[in-house]
Every structure is written in C-alpha cells, then in structure tokens.
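A.B. asks: Sending over a structure as structure tokens; questions will come in a sec.
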Amino acid sequence: MSCTFVNGLENFKRGSKQNVIATVGTFDGIHLGHQAIFSLVRQQSIETGSDAVLVTFQPHPRTMTTPANIPLLLTTIEEKEQFVPDFFDGTVLILEFNAELMQMSAEEFVLDILVDKIGLNKLIVGYDHALGRDRSGNIAHLRKLGVQSGFEVEVVEPVIVDGEAVSSSRIRRAIADNRFREAIKLLGHEYAIYGTVERGIGLGKQLGYPTANVRYNHRKLLPQEGVYACWSIIEGVPVEGMMFIGRNHFNPADRVSVEANLFDFSGDLYDKEITVFPTHFMRENRRFDSIDALKAQIAQDKIDVMRIRQEENQKCR
C-alpha cells in the first residue's frame with residue numbers, strides 16, 4: 001500500500017482526480033472496526049478511481065473537549081505513522097485539534113474543510129460517528145448535509161467480537177483489567193509501544209540481562225505492570241525478547257519504566273527510535289528481597305518466555 005502523511009491543511013494538495021472518498025476520526029488503536037472502514041475506503045477508491053483521504057487529529061480531541069477526563073492513548077501519533085500504512089492506502093491528513101477547530105460547527109467542518117478544501121464526494125464513517133462542535137454532526141445530520149452539498153454518506157456497521165462491538169474504550173478496559181490477549185484480539189494486531197532508548201540505572205546489564213529503556217509518550221496507555229514476552233524490530237530485523245513494565249524497586253526514581261531485554265542482540269541503541277511489542281503477560285511485578293533473587297527470577301522469566309515461543313512455533317508448523 002502507498003500512504004502519505006500530511007500535517008495541516010496548508011500542506012494538503014488535492015489530487016488530480018476530481019472525486020475524493022474520505023473518512024474522519026481519531027482512530028485510536030487502529031482496531032478491527034477502524035480497519036473495516038479503511039478497507040471499504042480503499043475498495044471503493046479503487047473501484048471508482050477516487051483519491052482516498054483519511055482525516056485525523058492531533059492531539060486527541062478530548063484533550064480540549066473534556067480536559068478533566070482525557071483517555072490514555074492506544075496509539076500515539078508516532079505509532080499511527082508507523083502502522084496506519086498497513087491498513088490504509090491514500091493520504092492521511094493530520095489536523096491540529098485546537099480551540100478554533102473545537103468551535104467549528106459540523107456544517108463548517110464538513111463544508112469548509114471536507115468539501116471545499118479536500119474535495120469530498122463520499123464520506124465513509126463508523127456507525128457511532130459524530131463530528132463538529134458538541135458532536136452535533138451525527139449520521140442523520142451528515143446525510144442531510146450530503147444531500148444539500150452533493151456528497152454521499154455511507155455508514156460501516158460495528159464489528160462484533162464475542163457479542164459486543166469493537167471500540168477503543170472496550171480495548172482500554174481490557175488492557176486496564178489485564179485482559180491483554182483479549183485487547184490484542186480486538187485490535188487485530190499486536191500492541192506497540194514506541195519511544196527512544198534512554199539510559200537507565202544499568203542494573204539489567206549488571207545482572208547479565210541488558211535492557212533497552214524506552215522513553216515513551218506520557219499519554220500512552222501501558223499494559224499492567226509486570227513481565228511480558230515481546231519482540232521488536234532492530235535495523236529491519238525482528239528480534240524476540242522479554243520486557244518489564246512497571247516500577248523497579250531497586251531504582252530510586254519512582255516512575256513506571258518500559259525496559260526490553262532483546263535476545264540474540266548486542267549493539268548500541270541509545271537515543272535511537274524503537275518500537276516494542278509485548279505479546280504475552282508472564283507475571284506481575286513484585287518486590288525482591290535481594291539482587292540475587294531478582295536475577296534468579298529473570299533467568300526463570302527467560303525460560304518461560306522461550307517455552308511460549310517454542311509452543312507457538314510448533315502450532316504454526
């Protein structure tokens with residue numbers, strides 16, 4: 001697929017085609033429901049020879065609309081730039097969600113931005129979509145605007161898994177409740193934690209298990225504290241490993257860290273970008289009486305992670 005990211009309307013250039021199929025949303029998680037929308041946009045853009053445009057926002061709109069109740073992110077903007085191209089083919093327009101945009105009515109947003117600036121001919125949205133000030137631009141309102149302004153609206157029905165619609169809030173609940181495999185099932189892809197590698201206290205290296213300490217986005221929703229099987233991509237090569245999420249009780253800095261011990265890898269990753277994918281929850285974080293006790297547990301953690309990998313490989317044969 002070919003996907004181009006554009007920051008701001010001032011950098012957006014309408015394609016040579018005179019018809020545009022677009023979708024609009026926050027798309028936090030890029031989950032199965034979002035993927036269904038992206039798939040339909042792609043299919044219809046190919047069938048009709050249209051340009052495909054995905055309009056999204058940075059930061060999350062609720063940082064402005066409900067600042068006292070901002071959700072942690074399933075997918076940061078950096079992660080979207082990495083993974084949206086796996087599911088969407090076209091132009092991704094990132095709009096800054098600021099006070100001006102927040103105050104725009106549904107009519108203003110649709111007519112001034114989608115129709116006049118982007119060239120909208122068809123809008124494809126999810127079943128519960130709403131846009132504009134106070135979310136007044138619900139499906140009925142959008143269809144009315146479409147009749148008045150000459151564009152079509154198509155609604156994608158919810159994706160149902162285990163009797164319930166897939167949604168970003170459902171996935172957040174699953175992660176918060178430590179139902180991590182369920183969250184991955186609803187996402188339809190593995191969970192990514194992106195950041196740059198920073199220096200830690202060096203305890204992992206001292207114990208024989210050096211770790212890449214990930215400086216992650218403070219708005220990122222992290223899985224429950226504990227040890228996970230994981231993998232990462234280093235210089236284009238997938239590398240398996242194990243990772244720790246939580247407060248290291250031997251670290252005087254009282255903060256949640258994300259540290260990955262990557263198997264069969266040696267090299268300097270400091271200040272480099274990294275994305276780590278926790279795949280299986282292994283055990284809860286706990287306090288150890290001594291460094292030796294911690295080292296013994298880490299050795300057992302690696303054995304347990306490698307056993308899971310072997311079982312998975314056997315299932316794939």
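The values are calculated or read from the model by the stated rules, or taken from the named source; none is laboratory data. Everything quoted here is computed from the prediction, not taken from an experiment. Virtual Cβ from ideal backbone geometry, glycine too; neighbours counted across all protein chains shown.
A.B. asks: In the range 297-317, which residue that is assigned to a helix (DSSP H, G or I) and of a type in the set (Lys, Arg) is nearest to the chain's Cα centre (by Cα)?
C.D. replies: The residue in question is 309.
A.B. asks: Please go through the range 144-178 and pick out each residue that is basic (Lys, Arg) and surrounded by 16 or more Cβ atoms within 10 Å (Cβ to Cβ).
C.D. replies: 170, 172
A.B. asks: Which of the residues belonging to the range 268-311 are closer than 20 Å to residue 249 by Cα, of a type outside the set (S, T, N, Q), surrounded by fewer than 14 Cβ atoms within 10 Å (Cβ to Cβ) and without any contact (Cβ under 8 Å) to a residue 40 or more places away in the chain?
C.D. replies: The answer is 286, 287, 289, 292, 293, 296, 299.
A.B. asks: Using the structure shown, decide if residue 111 is in contact with an Asp or Glu (Cβ under 8 Å, 6 or more places away or on another chain) and not assigned by TED's automatic domain parsing to the domain that holds residue 230.
C.D. replies: no
A.B. asks: Also, I was wondering about something else. If you take the residues of the range 249-267 that are buried (at least 22 other Cβ atoms within 10 Å of the Cβ) and more than 21 Å from the chain's Cα centre (by Cα), which of them is nearest to residue 299 (Cα to Cα)?
C.D. replies: So, considering only residues that are buried (at least 22 other Cβ atoms within 10 Å of the Cβ) and more than 21 Å from the chain's Cα centre (by Cα), the one nearest to residue 299 (Cα to Cα) is 261.
A.B. asks: If you check 18, 35, which single one turns out to be under 23 Å from residue 154 (Cβ atoms), assigned by TED's automatic domain parsing to the domain that holds residue 149 and surrounded by fewer than 17 Cβ atoms within 10 Å (Cβ to Cβ)?
C.D. replies: One residue alone meets the criteria, 18.
A.B. asks: Hey, can you tell me all the residues within the range 114-128 that are over 11 Å from residue 53 (Cβ atoms) and surrounded by 16 or more Cβ atoms within 10 Å (Cβ to Cβ)?
C.D. replies: The answer is 115, 125, 126.
A.B. asks: Also, quick follow-up: Output yes when any residue across the range 179-201 is free of Cβ contacts under 8 Å to residues at least 12 places away in the same chain, surrounded by fewer than 20 Cβ atoms within 10 Å (Cβ to Cβ), within 19 Å of residue 285 (Cβ to Cβ) and not hydrophobic (A, V, I, L, M, F, W, C), and no when none is.
C.D. replies: yes
A.B. asks: In the set 83, 12, 5, 57, which member is under 18 Å from residue 129 (Cα atoms) and out of contact with any Lys or Arg (no Cβ under 6 Å at 6 or more places or on another chain)?
C.D. replies: Going through 83, 12, 5, 57 in turn, the sole match is 57.
A.B. asks: Can you find a residue in the range 242-252 that is among the basic types (Lys, Arg), modelled with pLDDT of 95 or more and either closer than 23 Å to residue 73 by Cα or part of a strand (DSSP E or B) (or both)?
C.D. replies: No: the range 242-252 contains no residue that is among the basic types (Lys, Arg), modelled with pLDDT of 95 or more and either closer than 23 Å to residue 73 by Cα or part of a strand (DSSP E or B) (or both).
A.B. asks: Something else: What is the residue count in the range 1-33 for residues that are assigned to a helix (DSSP H, G or I) and touching a residue at least 60 places away in the same chain (Cβ under 8 Å)?
C.D. replies: The number of residues fulfilling the criteria is 3.
A.B. asks: Anything in the range 64-77 that is within 12 Å of the chain's Cα centre (by Cα) and surrounded by fewer than 17 Cβ atoms within 10 Å (Cβ to Cβ)? List them, or say none.
C.D. replies: 72
A.B. asks: Have a look at 28, 86 and point out the one that is touching a Ser or Thr at 6+ places or on another chain (Cβ under 6 Å), assigned by TED's automatic domain parsing to the domain that holds residue 120 and of a type outside the set (Phe, Trp, Tyr).
C.D. replies: 28
A.B. asks: Which residue pairs have Cβ atoms under 9 Å apart, sit 6 or more places apart or on different chains, and have a first residue in the range 111-137 that is on the phi > 0 side of the Ramachandran plot and a second that is assigned to a strand (DSSP E or B)?
C.D. replies: Taking only residues 6 or more apart or on different chains, the pairs are 119/20; 119/22; 119/51; 119/53.
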